[in-house]
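Asker: Before anything else, here's the structure in question.
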Amino acid sequence: MIISLIIFLVSLVLLFIFVSYRTWQINTGVINPEEHRLGIDHEAILLRLKDKAVYYSKKGAHEAVLGTLKGWVITTHYLGKKWNKTSEALKKAMRAHAPNKIGVEKKEPSFFLHAISEYKAKIKTFREELKEGEEEGKE
């Protein structure tokens with residue numbers, strides 16, 4: 001801890017000495033601040049910053065679109081699985097509570113029930129014929 005504090009204080013003293021020396025050079029005229037630039041081309045820096053901004057904005061937009069598509073695919077896949085399970089459960093529940101209703105195939109009647117229904121139909125047609133015969137006989 002003490003070593004880091006000593007290093008910090010030494011760096012502050014050196015910084016003060018460097019700034020004081022540069023100030024002395026400017027005041028005495030040894031260095032002209034207008035001529036003594038570091039040779040930085042501001043236009044090139046601005047152009048590079050613009051290019052980087054466009055690059056990262058395109059990259060961010062691309063990642064956003066891909067993230068949205070990925071989320072959509074995962075969600076639809078998950079909901080599709082859940083929908084299949086839910087629809088199967090609903091169909092089972094409907095079959096259990098309402099047989100021969102929506103979503104359930106009707107069973108064919110047994111041979112005995114089919115024969116009885118044909119017998120009833122024949123009796124009905126025979127009664128109608130008898131009633132017609134009696135009405136013709138009365139006239």
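Bear in mind these aren't lab numbers, they're just calculated from the coordinates by the rules spelled out. Fair warning: this is a prediction, and the values are worked out from it, not measured in the lab. Here the Cβ is made from the backbone with ideal geometry for all residues, glycine too, and neighbour counts use every protein chain on show.
Asker: Using the Karplus curve 6.51 cos²θ - 1.76 cosθ + 1.60 with θ = phi - 60°, what ³J(HN,Hα) values do you get for each residue of segment 75-82, in whole Hz, with x for Gly and Pro?
Answerer: Whole-Hz 3J(HN,Hα) from phi for segment 75-82: 5, 5, 5, 5, 5, x, 5, 5.
Asker: Also: How far apart, in nanometres, would the label points at I2 and L15 be if each is projected 7 angstrom from Cα along the Cα-to-Cβ direction?
Answerer: If labels sit at I2 and L15, their model points lie 2.4 nm apart.
Asker: Let me ask something else. Could you give me the ³J(HN,Hα) list for segment 2-17, computed from phi with Karplus coefficients 6.51, -1.76, 1.60 and θ = phi - 60°, whole Hz, x at Gly and Pro?
Answerer: 5, 5, 5, 5, 5, 5, 4, 5, 5, 5, 5, 5, 5, 5, 4, 5
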